[in-house]
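Report on one structure; see the data block that follows.
The values are calculated or read from the model by the stated rules, or taken from the named source; none is laboratory data. What you see is a predicted model, and the numbers here were worked out from it, not measured in a lab. Cβ: placed from backbone, ideal geometry, glycine included. Neighbour counts: every protein chain shown.
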Amino acid sequence: MKIPHSSILFKIVLFSIGILIFASCAKKPGSEIIPADVPRYSIEQFYENLSLTGGAFSPNETKLLVSSNESGIYNLYEIDLADSSMEQLTFSNTEPLFAIDYVLSTGEILYSADHGGDENDHIFLRYKSGKWKDLTPGENIKTAFAGWSEDKQSFFYRSNKRDPKYFDLFEMETETWKSSLIYQQDDELAVVGVSKDGSKVVLSHPITTSEYKLYIRKASNGDLVEVSESDKPGAYYSFGFNNDGSSFFYSTDVGGEFQALYRFDVASGEREKVYETDWDIRSSYLSENEKFRVISVNEDGKNVLTILDNSTGQEVEMPEVSDGDVLSVLISNSETKMRLRIGTSRSPSDFYIYEFANKDLKRLTKSLNPEIDPNYLVTAEVVRFPSFDGLEIPAIYYKPLYASSENRVPALVWVHGGPGGQTRMGFNQLIQYLVNHGYAVLGVNNRGSSGYGKSFYKMDDRNHGEKDLMDCIYGKKYLQGLDYIDPDRIGIIGGSYGGFMTMAAMTLQPDEFKVGVNIFGVTNWVRTLKAIPPHWEIFKDALYAEMGDPNSEEDSERLHRISPVFHGDKIKGPVMVLQGTNDIRVLQVESDDLVEAIRANDVPVEYVIFPDEGHGFLKKENQINGYGQIKAFLDKYL
C-alpha cells in the first residue's frame, strides 16, 4: 500500500542460499537443456549470502556498526576498519535487530526491533557489558529514531504512545535516558524532520499520495511557515536543516516531472534551486561540518550518487569501482573517511571504506557465498515495451544464461509492492535463484510506479487492477515475442501490492497466466482500506483519494469489482500463497479467505503460513522454506 515513507512502505526482504547442483543435459518434453558446465545453486546456498545494513562510524572512527543476518537472523556486529574483522555483538534468535548508531559520549549502541514482524518498533540501548534496555517501553507502541541533537548528547524520536493515531516528537537525554516532549501532534500534520537544536519542527500534510504540503513550526512562538507553495500543488519532501537551522532543504516536483532539490531560507522565505536532473532526487544530506553534500538520484531504477564540495559547488571525484555500483555513502564526522555500500545485480552489497586524503579504497566485507560464482548469475538489464495504449513501460529483466531459440525457457512477470513502488536494479536473491534454475524474470514497473515522473506515478489512480494490470499482461506479450521464451509457460508473481496484482491477473484475466504466486497480497480492498493500522490514520484520506473510499457506495462497488477474493470462482491456473501471521498491512484473513475460495473452485492451491513473520520474511529459515517452496511449485506447474 502506498504510504509516504519508504522505510515502512515495503519491508519485504527477498534473499537466498544453497548447495551446488549440476543438471543433466538430457532434454525431456517441456524441459530445458542445462549445459553441463552451468551450476545450479540451491536455495540454501543463495541464503548463505549475507545481508548487511547500517554502517555507522564509531566515535573514534575505527569501526563500523552494522546489522547482518549471518546468524540466520539480523544481529548487531562491529567491523574493524584496520583488519576488516567482524565481531558479533548481539545474539538474538527470535527478533531481528537493526543498528541505529553509536552514542557519542559512551560508545554504547542504539538499535531498533519489533516483535514477530508486528512493526511496533522500539528503540533499545546496548550497554558495553552486553546488557540491553528498552528505551521506549510499552504495549502496541511504535517509535522511530529522528536524529541527533547538535552536541550529540540527546536524540529525537517519534512515538505514538499517547495516541495510536499520532506521532509526537520527543527528545531523550543520553545521560539520564529521560524524554521530554518537543511537539504534540493533534491533527493531520505529521512530523518529518527537526532542527538540531529542536527549535524547528518540519511538518507534512498529505493531501493525496502524490501531493503534500510542507511546513516549518517554530517552537519560540508556534508559528507555521509554509515551505510548499500554496498555489503550486505537488509532492514536497524534507531533506533536513543545515547545522544552525537557518536553511532548510527539500525536494519537489513542482515545475517539472521529477523531484529537484531546493534550499529554503527560514528567515526570509526565499527559495533557491540547488540541484536538478532528469530523474528524481531520492535523498540528500550534508556531512557533519557541512563540507560535503551527498545527493542520490533514482536514475532508471538505479542509484546514482553525486558528492558536492559546498565551498566550491563542484563535484567531488568518486573512487573508481571496477565491479559494482555505489549504492550509498556515509561521510564520517571528521569528514576524512567515507563508508560506501557497493553492489551489483549479481552480488549482494558490501561495505568499503574510502580515505579522502590518499584516495585509498578498501573492501571490508564479502557478502556473496564463496560457493557461488557470480559469473553464473545474471546481470539485470533495463528494457521497455509498449502497453495496450502505446504507453512505454520500463522493466528490469533477467535472462537465464542458457536460454536460446533452441532451448526455450519459462518466464515470470514480477510485480513490485506499493502501489507506487519500483522494481530496481540490484541484487535480489529470490530472482537470481529462480533465474539460475531456468526462469526468465521481467520486473514490470507498471504505470503508477515511482521513479519515472509524476505523470506516470499518477496513472494508476482509481484504476488499480485495470490499466496497471494490462501493463503486466503486455509485459507477458513482450516475453512471448522473445524467441527463447516458451509462450505457453508464463506465470506472474508479486508481494504486497504485487500480490494483489498477481491475484487480479488470476481472477480478472484468468486466461493470461499459467500460474500465480501471491506473497501476502491484498485480496479484499474494501476490508483492507477500512482496517488500516491506527498509525496510518492521518494518511487515510490521501490513500482513499488514490484507491477509493470503501465507505462510498460508488467506490466500494469498484473496489469490490477489483478485489480477487470475490472472484475465486474464475481462477483457472494453480496458485501459491505465502503469508505472515503478524502482518498488520495485509491481515492473514485476506489470504485465508482467498485460499478457501480457490479450494472451493477445485483449483490447485498451496498455502504457506509463517507464525513469526509480518509483512516481509526476515528470518533465513523462513526464507529458505518459503522461497524454496516457490521454486518447487513453479517446477510442478510451470
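Points to keep in mind about this one:
- Applying the criterion of being assigned to a loop (DSSP other than H, G, I, E, B) and of a type outside the set (A, V, I, L, M) to the residues of region 569-582, the residue that is farthest from Asn428 (Cα to Cα) is Lys572.
- All positions within region 197-218 that are over 27 Å from the mean Cα position of the chain (by Cα) and not small (Gly, Ala, Ser): Asp197, Lys200, Ile216, Arg217, Lys218
- Hits in region 214-237 (condition: of a type in the set (S, T, N, Q) and farther than 21 Å from Ser455 by Cα): Ser220, Asn221
- Any hit, region 365-375, residues being assigned to a strand (DSSP E or B), within 14 Å of Val66 (Cβ to Cβ) and at pLDDT 95 or above: no
- Candidates Ser349, Ser322 - the one that is out of contact with any strand residue (DSSP E or B) (no Cβ under 6 Å at 6 or more places or on another chain), closer than 25 Å to Arg424 by Cα and either surrounded by fewer than 19 Cβ atoms within 10 Å (Cβ to Cβ) or in contact (Cβ under 8 Å) with a residue 24 or more places away in the chain (or both): Ser322
- Contact map, region 528-540: first residue under 15 Å from Asp583 (Cα atoms), second residue among the polar types (S, T, N, Q) and crowded, with 16+ Cβ neighbours inside 10 Å, Cβ cut-off under 8 Å, separation 6 or more or different chains; pairs are Pro534/Asn160; His535/Asn160.
- Residue satisfying all of: in region 533-574; surrounded by fewer than 19 Cβ atoms within 10 Å (Cβ to Cβ) and acidic (Asp, Glu); nearest to Val595 (Cα to Cα) among these: Asp569
- Residue list for region 489-499, restricted to those being closer than 16 Å to Gln509 by Cβ and of a type outside the set (A, V, I, L, M, F, W, C): Gly491, Gly494, Gly498, Gly499
- If you check Ile100, Ile141, Ile73 for being outside any loop (DSSP other than H, G, I, E, B) and modelled with pLDDT of 95 or more, only one passes: Ile100.
- Residue tally, condition assigned to a loop (DSSP other than H, G, I, E, B), among the hydroxyl-bearing types (Ser, Thr, Tyr) and touching a residue at least 60 places away in the same chain (Cβ under 8 Å), over region 376-403: 2
- Residue match in region 227-245 (condition: at pLDDT 95 or above and surrounded by fewer than 14 Cβ atoms within 10 Å (Cβ to Cβ)): yes
- Figure legend. Inter-residue proximity from region 67-90: first residues in contact (Cβ under 8 Å) with a residue 40 or more places away in the chain, second residues acidic (Asp, Glu) and surrounded by 14 or more Cβ atoms within 10 Å (Cβ to Cβ), beta-carbon distance below 9 Å, spacing 6+ or different chains. Indicated pairs: Ile73/Glu95; Tyr74/Glu95; Leu81/Glu61; Met86/Glu70; Met86/Glu78; Met86/Asp80; Leu89/Glu78.
- Matching residues in region 583-619 - criterion: being part of a helix (DSSP H, G or I) and buried (at least 23 other Cβ atoms within 10 Å of the Cβ): Glu590, Ser591, Leu594, Ile598
- The number of residues in region 296-327 that are part of a loop (DSSP other than H, G, I, E, B) and at negative phi comes to 12.
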